[in-house]
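*Asks:* Handing you a structure now.
What follows draws every value from the coordinates through simple rules; no lab data is involved. Note that this is a predicted model, so its numbers are computed, not measured. For neighbour counting, all protein chains shown are included, and Cβ atoms are generated from backbone atoms with ideal geometry for every residue, glycine included.
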Amino acid sequence: MSEPLIYVLDMAVFVGIFAILAVSLNLEYGFTGLANFGKVAFFMVGAYTSSILANMGFPYLACITVATFAAGFVGFVASLPALKLQADYLAIVTLAFGEILRFIFKNEEWIAGGVQGITVPSAITITGVPIQTMMLIQLTIVYAALAICYFIAQRVVNSPYGRTIRAIREDELAAQVLGKDVFKYKAQMFTLGSAMAGVSGSLFSQYVRFIDPYTFEPILTFTVWMMVILGGPANNLGVILGAVFVQALERGARIAKDYLLLPVDPHNLRVMIIGILIILILMYRPQGLFRESKVKTPALEVASKWKKRS
Amino acid sequence: MEKTILKTENLTKSFGGLKAVDNVTLTVKENSITGLIGPNGSGKTTLFNTISGVYKPERGKIYFNGERIDGLAPYKIYEKGLARTFQTPRLFQKLTVLDNMMVSCRSHPGDKILNVFLKKRRWSEEEEKLAEKALEILEIIELDRFKDKPASELSGGQMKLLELGRVLMTEPKMLLLDEPAAGVNPTLARRIFEKITQLRDELSLTFFTIEHRIEILLEHADWVYVMHNGSIIAESPPEEVVKNKVVVDVYLGEA
Ligand SMILES: Nc1ncnc2c1ncn2[C@@H]1O[C@H](COP(=O)(O)OP(=O)(O)OP(=O)(O)O)[C@@H](O)[C@H]1O
Ligand SMILES: [Mg+2]
């Protein structure tokens, strides 16, 4: 396989991993209105859990399953105090939570090597295949996971439940008065979103094969936010395309750095371009590239027949 | 029409030094249309906010169907069958008119996270039935044409109507309506009160209604409370309220 092809495959894997994060943040922020600025924390829990298990010799399926539940559980526990807070405070608290968790992994060497990080053995036991084949297998697994997460997210948002979480996002007090136990819905979405981030973290660790605390800095959370805001909050397909777009920019900048001679460091250029894009989007198209998707339930069909009747 | 459905005892709620609701004791009879009138700022909305759990009362008790409900979360009070509307509509702006209606329905099987995955067929059937019901209510309040519009695009009066339509989806036992006819055109305002009376008769609902459009309210109410500076200053059948000297002084004015 030629080098450019490997490059494309590599990018495709990263797009998939980040798209899962974008879908998970979309459930929390786009649909439920929860400003989770600690996305990386749950990604990190997934990555570390999966890596520790892989080092103990567990197969991939076990690693990713346990990582998912671990991240979901941590999300659930973190949500209990955090969701009692108002929106702005939630953002600050989740941001801090991610950093605290990262410092724990950094300072407690016995967990996973501290600052040294840990190498992650492949949990896929196929011997003697060339690297390209391994990449294709990775790619398939990542996209299968993305497909499942997308399916779950779509099913959730296109249901009466999905309508309720959107209502909570729009007006929490009105939702309460109309009988919704707002806290319960928020905690459920936070847990589900965190579990998905755990899936993504597990896939990531198996792909890069080495993780350390510096992998999980807050910038990772912000990258996912960019994907959601650019793509269009409350549109699952939109945020996946947002992931493609942001990744392409990031990769493009790296290629430019290697092959082009520019007066600015292309890596910084990328940050500037994304910054400018975000400002432009927020000014001229605050709903993102894609509009909020409708709540697709059988009610739509009933309503369309009604038009003909009257 | 004898049983008491709602009762407050010495209910008090203040903002800083201001006693917005001051030692209010009142009862609402089951299956009645009870009015609540009084000048601007007399505490009517605050009283409703306290009864519906939006504010916690500082003092006093609230009984609904003989059960204490003061201090309960708003959604728990809703579950007991007591629903309310807001004076300034609080719609779910980005949701469509129809979704605003649908979100308000009581105990939808599809509103539980596990059922979303496990019981799609069951909730889909229920969803269709509820959509029919929502559209029928929308037709009454003349909003069915706008069913697919986001609520944010409605006019002020239409928002008011949707606020009312939404609460009719909740299958309540009793409704607290905060000025349901404010900002609504005269014919529709009348129709709203006719509908309220009809719902009271057909579904044995109870209504406790704030309204400044006195002529319409008095035509339909069975009993009227008058509030002033946080206190109940009078209560009587509607035809007597207009003759009450104190009420005329503080609220109605000389005709
Ligand atoms: N959230 C609040 N914070 C502080 N003061 C408030 C608050 N809500 C109401 N008040 C005050 O309490 C008093 C009663 O207000 P309330 O809204 O209950 O009046 P109202 O009888 O509903 O009037 P209107 O007929 O104009 O709707 C007013 O003096 C108002 O300024
Ligand atoms: Mg008021």
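*Asks:* Let me have the relative contact order for chain B, percent, based on Cα pairs under 8 Å that are six or more residues apart.
*Replies:* 27 percent
*Asks:* I want the antiparallel fraction of DSSP beta bridges within the range B:120-255, as a percent rounded to 5.
*Replies:* Once the DSSP bridges in the range B:120-255 are tallied, antiparallel ones form about 50 percent.
*Asks:* Which far-off residues, 5 or more places away or on another chain, put their amide H under 5 Å from the one on residue A:34, with H placed in the peptide plane?
*Replies:* Under 5 Å from the amide H of residue A:34 lie the amide H atoms of A:29, each far enough along the sequence or on another chain.
*Asks:* Something else about it: Once amide H atoms are placed 1.01 Å from N in the peptide plane, what residues at a sequence separation of 5 or more from residue A:234, or on another chain, have their amide H within under 5 Å of its amide H?
*Replies:* Those qualifying (amide H under 5 Å, at least 5 residues apart or on another chain) are A:30, A:31.
*Asks:* Let me ask you something else. In deg cm²/dmol, rounded to 500, what helix-only [θ] at 222 nm does chain A give when every DSSP H run of at least 4 residues adds -39500 (n - 2.57) and the total is split over its residues?
*Replies:* -24500 deg cm²/dmol
*Asks:* Listed here are the pairs B:133/B:195; A:186/A:305; B:195/B:245; A:296/B:112; B:3/B:133; which of them are more than 24 Å apart at the Cα?
*Replies:* A:186/A:305; B:195/B:245; B:3/B:133
*Asks:* Per-residue counts of other Cβ atoms within 10 Å, averaged by peptide: what ranking do you get for B:233-242, A:142-151, highest first?
*Replies:* A:142-151, B:233-242
*Asks:* Same structure again: Compute the relative contact order of the range A:3-218 as a whole-number percentage, counting only Cα pairs closer than 8 Å that sit 6 or more residues apart in sequence.
*Replies:* The value is 45 percent.
*Asks:* Return the percentage of antiparallel bridges among DSSP beta bridges fully within the protein assembly as shown, rounded to the nearest 5 %.
*Replies:* 60 percent
*Asks:* Shape verdict for the range A:1-92, please, from the Cα gyration tensor: rounded (a/c under 1.5), prolate (a/b greater than b/c) or oblate.
*Replies:* oblate
*Asks:* I've got another one for you. Just to be sure I understand the model, the point goes 7 Å from the Cα along the line to the Cβ. What's the resulting residue B:215 to residue A:184 distance in nm?
*Replies:* Placing both labels 7 Å beyond Cα along the Cβ direction yields 4.7 nm.
*Asks:* Averaged over its residues, how many other protein chain Cβ atoms are within 10 Å of peptide B:111-123's Cβ atoms?
*Replies:* Mean partner shielding for this stretch: 4.
*Asks:* Would you mind calculating the relative contact order of the range A:40-143 from Cα pairs under 8 angstrom and at least 6 residues apart, reporting the percent as a whole number?
*Replies:* 34 percent
*Asks:* Please state, to two decimals, what the Cα-based radius of gyration of the range A:3-218 comes to when divided by 2.2 N^0.38 Å (N = residues).
*Replies:* Relative to the 2.2 N^0.38 Å estimate, the range A:3-218 comes out at 1.06.
*Asks:* Counting only DSSP beta bridges with both residues in chain B, tell me the antiparallel percent, nearest 5.
*Replies:* Bridges in chain B are about 55 percent antiparallel.
*Asks:* May I pose another question? Taking loop as defined by DSSP and a crowding limit of 14 other beta carbons within 10 Å, which GluC sites (Glu not before Pro) in the range B:123-191 fit?
*Replies:* B:142
*Asks:* Continuing with this model, one more query. Using only atoms on other chains, find how many Cβ atoms lie within 10 Å of each Cβ of peptide A:185-196 and report the average.
*Replies:* 1
*Asks:* Let me ask you something else. With the crude spin-label approximation of a point 7 Å out along Cα→Cβ, what separation in nm comes out for residue A:265 versus residue B:140?
*Replies:* Once both label points are built, they end up 6.7 nm from each other.
*Asks:* Okay, moving on. To the nearest 10 degrees, how steeply does helix B:156-168 sit against the main Cα axis of chain B, on a 0 to 90 scale?
*Replies:* Relative to chain B, helix B:156-168 is tipped by roughly 80 degrees.
*Asks:* Next question, about the same structure. For peptide B:97-106, what's the mean number of Cβ atoms from other chains within 10 Å of each residue's Cβ?
*Replies:* Whole-number average of other-chain Cβ neighbours for B:97-106 is 6.
*Asks:* In addition: Counting only complete DSSP H runs, which helices of chain A cover 20 Å or more along their long axis at the Cα atoms and score a mean Kyte-Doolittle of -0.5 or above?
*Replies:* Passing helices, by number: A:3-25, A:39-55, A:60-82, A:87-107, A:131-157, A:182-208, A:236-259, A:266-284.
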